[in-house]
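The next block holds one structure in the form of structure tokens; read it before the comments.
The values are calculated or read from the model by the stated rules, or taken from the named source; none is laboratory data. What you see is a predicted model, and the numbers here were worked out from it, not measured in a lab. Because the Cβ atoms are built from the backbone with ideal geometry, glycine has one as well, and the counts that use them run over all protein chains shown. The accessibility values were calculated without ligands, DNA or RNA, using every heavy atom of the protein model including side chains. Shrake-Rupley method; radii C 1.70, N 1.55, O 1.52, S 1.80 Å.
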Amino acid sequence: MDVRPDDVLIMKKDHPCGGREMYVIRSGMDFRLRCVKCGREFMIPRNKIEKSIKSIRRESEG
């Protein structure tokens, strides 16, 4: 799965705050994500996050 920094991931399940959109700060073996709604940042392993991605939105496609 091609996930790059500055992408916004739409997740299958909600974050505890109720938001589904996660901003990608860093990608690699681990992802550093920021919840768009509450601003909380967290690290999560690639294999765990790839299962829960519904779609990817790219702002800078061109």
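Some points to look at:
- Among the residues of the range 33-62, the ones that are in a strand (DSSP E or B), within 12 Å of residue 3 (Cα to Cα) and either open to solvent by less than 80 Å² (accessible area, probe 1.4 Å) or in contact with a Pro (Cβ under 8 Å, 6 or more places away or on another chain) (or both) come to 5 in all.
- Checked against (1) touching a residue at least 24 places away in the same chain (Cβ under 8 Å); (2) farther than 14 Å from residue 59 by Cβ; (3) not in a loop (DSSP other than H, G, I, E, B), residue 15 meets all criteria but (3).
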